[in-house]
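The values are calculated or read from the model by the stated rules, or taken from the named source; none is laboratory data. The shown structure was predicted, so the numbers you read here are calculated from the model rather than taken from an experiment. Quick reminder, even Gly has a Cβ in these numbers, built from the backbone with ideal geometry, and neighbours come from all protein chains shown. Surface areas here come from the heavy atoms of the whole protein model, side chains and all, with no ligands, DNA or RNA. Shrake-Rupley method; radii C 1.70, N 1.55, O 1.52, S 1.80 Å.
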Amino acid sequence: MPLKELAERRNILHRKSGAETILKHVLDDVQIGRVAMVSSFGAESVVLLHMVSQIAPDTPILFLDTEMLFPETLTYQREVAYILGLTDVRVIRPSRAKLLESDVDSILHTIDPDACCSLRKTQPLEEALAEFDGWITGRKRAHGGARAQLPLYEKQDRKIKVNPLASWDTAQIANYLDKHDLPRHPLVARGFTSIGCTPCTTKVAAGEDPRAGRWRGMEKSECGIHIVDGKVIRRENAA
């Protein structure tokens, strides 16, 4: 079955399903195949990670360490993986040879942020996902912009991408965190509502879009992992 058709059929099948049901099915969906979860261990990541830990704690979890992350994120990643009993967390890093060739001084993000994201995130993830047929993300329509019409299932390149929390809002996230007494990312209390690399992430003021602190002042609004029609999303195209 063509992947686009498969995604459309799963969207119809799960149009009224809860996130846990979607996760259970995708982790055991023979038509999709082998699936991994990609997690930033960011501000809201622990919700989906907790769900996965309750269903299949041996699910491969791919964590991209760009080597520019906040120290708090690295510590949080280790703590959450231990607390939730996740047994297959894979820390994915950029190629040392490619870094020496293209960003030896770690200033590429100031010159060409798209190239930096490609080098440190997109390329390493593509290599890590090569053995999988699909992947799970924590993206939500509430993030706005290009994510406002996010489906539960979508085709990206030659894989199926699943967004179990697509319909969740900030209140649902907060309620789930409280209900299960899950650890918060320490930077959230300091005003970071979306957390990426240190040089390209700032605090968010009250009333701002939750992702306003990512690549502030730039047209850029996505790292390139999540793309539309093969293109990195720009702010002017994201409304």
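Of everything in the stretch 186-207, what is touching a residue at least 60 places away in the same chain (Cβ under 8 Å), more than 18 Å from Lys140 (Cα to Cα) and not β-branched (Val, Ile, Thr)? Give them in sequence order.
Pro186, Leu187, Cys197, Pro199, Cys200
Restricting the stretch 193-236 to residues that are open to solvent by less than 40 Å² (accessible area, probe 1.4 Å), in contact with a strand residue (DSSP E or B) (Cβ under 8 Å, 6 or more places away or on another chain) and at pLDDT 75 or above, which is farthest from Leu69 (Cα to Cα)?
Gly213
Output the residues belonging to the stretch 28-72 that are buried (at least 18 other Cβ atoms within 10 Å of the Cβ) and at positive phi.
Within the stretch 28-72, just Phe41 meets the criteria.
Return a yes/no flag: does the stretch 83-94 have any residue that is among the aliphatic types (A, V, I, L, M), in a strand (DSSP E or B), buried (at least 18 other Cβ atoms within 10 Å of the Cβ) and at pLDDT 95 or above.
Looking for residues that are among the aliphatic types (A, V, I, L, M), in a strand (DSSP E or B), buried (at least 18 other Cβ atoms within 10 Å of the Cβ) and at pLDDT 95 or above, one finds at least one in the stretch 83-94, hence yes.
Does the stretch 44-63 contain any residue that is free of Cβ contacts under 8 Å to residues at least 60 places away in the same chain and closer than 18 Å to Glu127 by Cβ?
yes
Which condition does Met37 not pass, out of (1) outside any helix (DSSP H, G or I); (2) at pLDDT 95 or above; (3) among the aliphatic types (A, V, I, L, M); (4) over 18 Å from the mean Cα position of the chain (by Cα), if it passes all the others?
Failed condition: (4).
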